[in-house]
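The values are calculated or read from the model by the stated rules, or taken from the named source; none is laboratory data. Just so we're clear, the structure is a prediction, and the values are computed from it rather than from any experiment. So basically every Cβ, Gly included, is an ideal-geometry build from the backbone, and we count neighbours across all protein chains shown. We work out accessible area using only protein heavy atoms, side chains counted, and drop any ligands, DNA or RNA first. Shrake-Rupley method; radii C 1.70, N 1.55, O 1.52, S 1.80 Å.
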Amino acid sequence: MKRYRTTKKDNIFPLKIEELEKKLNEEFDQNPDLSVTTYENKNKKALIFYITYQVEGEKVENYLLETLLKKDFEWNNSTILNEIPLSSGKTIDKFSDIGKGLLIGNLYVYIENENSAIEYSLSNKENRSLQQSETESVVLGPKIGFTESMVTNLNIIRWTIRSEDLVLEKFIIGEREPREVRLIYIKSLANEADINTFRQRLQELEIDVIDDSSVLLQYIEDSSLTIFPQFFTTELPDRFSYDINRGRIGVIVENSPTAIVAPTTFFSFFQSTEDLYMRWNIGSFLRSLRFLSFFLSTILTPLYVAAVTFHYEIIPTPLLVNLGESRAAVPFPPILEALILELMIELLRESGARLPTKIGQTIGIVGGVVVGTAAVQAGITSNVLIIFVALSALASFTAPNYLMGTTARIIRFPMIILGGLLGLVGLVFGISFLIIHLLRLTSLGRPYLSPLYPLVWEDFNKAFFRLPPQFHNMRFKSYRPKDIFRFNKGKSKIKKDIDE
Amino acid sequence: MDINVKVKENLQIRPFYLFFIITSIQIGIGILGFPKIVYQEALQDSWISILFTFFYIVAVVIVMFMILNQYKNADIYGIQVDIFGKWIGKILGTIYILYFGITLFSILITYMEVVRISIFPSISNLALGGLLLCLVVYSVLGGIRVVVGVCTLFFLGTQWLFLLLIQPAMEVDFTHLQPMFVTPFPDLLEGAKVSSYTFMGFELLLVIYPFIKNKKKAKLPTFLAVSWSTITILLLTMLVIGYFSHNQILRREWALLGLFKIQNFTFIERFDYVVVTEWMLVIITNMILLMWAMTYGMKRLYNISQKTTLYLISIILLIACIFVDEHFQIQKVIDTSSQIGLWIVYVYPFFLLPIVLFKKRKQRKKEKKHAK
C-alpha cells in the first residue's frame, strides 16, 4: 500500500530522555496539549507523555503516578508492567505507532535506555448516551439506536447477537486518518463467497479518509451510477441483528451510528422488523401497503399528467367533468403544474429536515396548508393534483429505509417528464426502463431483484408477505446461507383431530 | 469455431425459464391482428386451424430436440457448420441471423403502426423507435441473465391484461361458432399456414439451448410454453369470433384491441389505450430475445464482439424504421418475414434431422472401428 506520509526512521529506541522529549516536541510542533513529564527514581529516568484531554486524568493520577512514585521498586519495563494496576499495558517499539497512539488517547511511559516504550490505553472519549434512533422509528420492538462510538456499538452488538460464531473482523481503512472498520457476520451462517467479496472490497479500498459509513458504502457498492441503494443501512441494532441472524454480513465504522448490511435485495428495503413483531396478518398487510406505496409514489402524479395531457379518453365522463372544472382556471400545461407542485413538496421536506423539530412542524403546517390552499385559490394548480402529489409524498415516506424513500421521490421527476412528453407510452417506457435497470443491478454480486428474478419460490412468503411463524422455518434462499433451516416445521405445530 | 459451446456456470439458466422465454417470444404483436387473418381463411372453424398449427409445432419442437440432443452442447450455428462445412454452414447461420433481423424489424414497425393509429397519430417513428431500441440495447447489454429476467418479469407483468377480457367474454354469442366443421380442409390448412407467423419464435430454442443448465428437464417447460401460447391464442380468437359479427371482424385490422374497449371501471375506461402501451412490454421481450440471438450469432460465426453488433444493428434498425411507415410497406415486411420464417422454422428442421442423424451414425461407426 502506498503511504502519503513518508515514515522517518522508525526504531529509535533506546535513547536518552532529553532526545525523546525533543523529538516529540518536533513531531507535534510544540503542541500545547501534549503533556511530557520527566520523573526520576534511583538514578532511573522515566518520561510519561500523553495528550491531556484524550486521557482519563483520574486513572493517570490514581493508578499510574501513585504506584510509580510511592511504591519502591527498580524501574524497568517488566517491573512497571507488573506493578502498575492497569490492564491495558503493552510494549511498543515503533515511533510512528506512538504518534498514532497518542492521537487516540494512549499514554506512554518510557524508561531511559529501554528498548521499547510502554503503552496504556486510557482513552477518554466523549460520547452521547444511548438514544432512540431518529431516522428509523418503530412502534413495536427495541428502539435503542447505534451511537458514534465503536466500543458502544460493539458492546450492543455482542449483547444482541450472543452467538459464539459471531465474527468481528477488524480492518483499518484510511491513509491519512485511519479508522477502524468491523466486518461482522456469523461464521456458520454467512455465505463464504460473500464474505470474501466483502473482505476483498474493504481491503482493496485505498482512500485518504472515510467520512462516514454511508461514504464507505458508496466506495464499495456494486454500481455507483444508479439511484437505488444496494446496501442496506440501519441505525437500529435490532434490525442489524435480524439481518446478521439470517446470514447477511454487516459492517460498522468508527464514529458512525449507521451500520451497513449486505447483500440486500430490492424487496428487503420494504421489510421492517416490526412486521415480525406484529401479528402475521397485520404484518403482511403493512408490508404489502409499503410495496403499493412505492408503486403509487412513483406512478400517481405521472399518470395524472399523462392522462390529462394526452389521454383524457381513459377518464370516465363524470370524473372528467370534475377534473375539467378544477383545472379550468389553471394556466399551465399539466406537466408544468405537476413539476411546480412536486418541487414545492420537496422544498417543504428539505426545509423541514434542516430546521429544528419544533420550527419544522410549524413550517410543515404553513407550507402544506397555507401554501397549498392559496395555490389552488390563486389558480396555479388544481385540487385533484394537490391530492395526488400529497398522497404520493406520503407514500414515499412509508419505506422503512430513508434512502429508498428518497429514491422513490426522485424517480418521480423523470417519470412526470416522460408522462408529460409522451403520455402513457412514455410512462410504460419509464417503468420498463426501471425494471430492466433493477434487473441489471447486483448487491455484493447477488441479483438485486431476487426472489422475483431469479425466481426463488421458497422466498416469496418471506419477501412479499409475512405468513404465520411455521412458514418461516427457512432462511432466505436468495442469500445462500450456509445453513438454511431455522427450526423444524413439523414439531412446531402438532395436528389434532376435532375432539381430542 | 467450436461446434460445442462452453458456457460459464454463472451464465447458465435453469430449465424452467424456457417456459417464459418461449411464451414471451411466441406471443407478440401478431396476436392483435391474428384473429382477423385466420378468420378470413377458416371462418368459424379457425380453432381447428390453430390446433393443426399446434400439433405441427409440437412435431417441429420434437425434431429440434432430436437434432440438439445429438450434440453435447451445441447451438444451430455450430451444428450447421459441423454438418455442411465451414462455408455453407456460415452462410446458413447468416441466413438465420438475417431472418431474426427481419422479424425484429417487422415487430418494431408493426408496433409503431399500432401506436400511431390507435394513440398518437403524430408521433415520429424516430422518437418511438429510439425509445424502444434504447430499452433493447440497455437490456441486451446486461447479457443472457438480464434478457431472461426481462422475459420472466414482463411475462408475469402482462398476464393481468387478459383479465380485462372477462366482461366481453360474458357477452359472447356462441352461435357465431356454429355450424362447426363446415370449412373445407384446404381452407383449414391455409388457416394453419397463416397462423404460423404468430406462433413463430420457438426456433430460438436452437440458439439458447446450450445455456440451459439441466438439459434433461428442458422438454417439459418448452412443451408447456407452446401449449400455453396456443391456449392463449385459441381463447382470444374464439372470443373475437364470438363477440364480433362476420363483418365486424373483417372490418377491423386489430380486432383484439376492440375487445379491450368493452371493459370499463368507474375511474378508468378505454382500456385499449392501456393495452396498447402495456403491449410495449410484450414487444420488448420479443425484440430483446431476437436481438440477443443475433448478437450472439455474429459472435459465434464471425467472432465479432456482441457490443459492436448490438450498436450497429440498433442504428441500422433505427434508420430503417424512419423510411417504412406506410401500411403496405409494413405489410410487405411482415409477409417477407413470415415467408422466410415458414421455410426456416417449419420446414428446414425436417431436412436437417436426417442429415444430422446420418452423420452422427457414420461418426459412431468410425469410432467403433478405431476402438477395435
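The table that follows gives values for the structure above.
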item	result
On Cα atoms only, tilt of B:271-302 relative to the major axis of chain B in degrees	10 degrees
Trypsin sites (Lys or Arg not before Pro) within the stretch B:56-121, DSSP loop, no more than 16 other Cβ atoms inside 10 Å	B:K72
Among A:L300, A:I380, A:S443 - extreme Cα towards positive end, dipole of chain A, charges at beta-carbon	A:L300
Positive-end extreme of charge dipole, chain B - chosen from B:Y111, B:I83, B:F181 (charges on Cβ)	B:I83
Selection from A:V138, A:L154, B:A42 lying farthest towards where the dipole of the protein assembly as shown points positive, charges on Cβ	B:A42
Cβ crowding within 10 Å averaged over residues, with A:283-291, A:229-237, A:163-171 ranked highest first	A:229-237, A:283-291, A:163-171
Interface area, A with B, accessible, probe 1.4 Å, both sides summed, Å² nearest 100	2900 Å²
Long-range amide H partners of A:S35 with built H, under 5 Å	A:Y50, A:I51, A:T52
Net dipole in debye of the protein assembly as shown [+1 Lys, Arg Cβ; -1 Asp, Glu Cβ; about Cα centre; nearest 20]	4020 debye
Chymotrypsin sites (Phe, Trp or Tyr not before Pro) within the stretch A:431-500, DSSP loop, no more than 13 other Cβ atoms inside 10 Å	A:F487
Distant-in-sequence amide H partners of A:V55 (H built 1.01 Å from N, under 5 Å)	A:N124
Rounded tilt (10° steps) of B:17-26 against the dominant C-alpha axis of chain B	50 degrees
Exceeding the 23 Å Cα-Cα cut-off - candidates A:K477/B:K213; B:K6/B:K365; B:K213/B:K299; A:K16/A:K90; B:K72/B:K216; B:K72/B:K368	B:K6/B:K365
The protein assembly as shown, accessible area per residue, ligands and nucleic acids excluded (1.4 Å, Å²)	47 Å²
Nearest-0.05 FRET efficiency for A:R162 and A:D497, computed from C-beta distance (R0 35 Å)	0.30
Residue-by-residue Karplus 3J(HN,Hα) for the stretch B:109-126, coefficients 6.51, -1.76, 1.60, Hz, glycine and proline x	6, 5, 4, 5, 5, 4, 4, 4, 7, 9, 10, 10, x, 9, 5, 7, 4, 4
In degrees, nearest ten, helix B:348-371 long axis to first principal axis of chain B (Cα)	20 degrees
Dipole magnitude of the stretch A:1-136 about its Cα centre (Cβ charges: Lys, Arg +1; Asp, Glu -1), debye to nearest 20	480 debye
For the stretch A:175-192, Karplus couplings with θ = phi - 60° (6.51, -1.76, 1.60), whole Hz, Gly/Pro x	7, 8, 10, x, 10, 7, 10, 10, 9, 10, 7, 9, 4, 7, 10, 5, 5, 4
log10 of Debye I(q)/I(0), alpha-carbon scatterers only, for the protein assembly as shown at 0.06, 0.08, 0.10 Å⁻¹	-0.57, -0.90, -1.20
Distance from the stretch A:159-194 to the stretch B:207-229 (C-alpha centre basis), Å	43 Å
Estimated vicinal HN-Hα couplings, Hz - the stretch B:140-155 in sequence order (Karplus 6.51, -1.76, 1.60; Gly, Pro = x)	5, 4, x, x, 4, 5, 5, 4, 5, x, 4, 4, 4, 5, 6, 4
Reachable aspartates and glutamates from B:K359, criterion Cα separation under 16 angstrom, eight or more residues apart if same chain	B:D82, B:E367
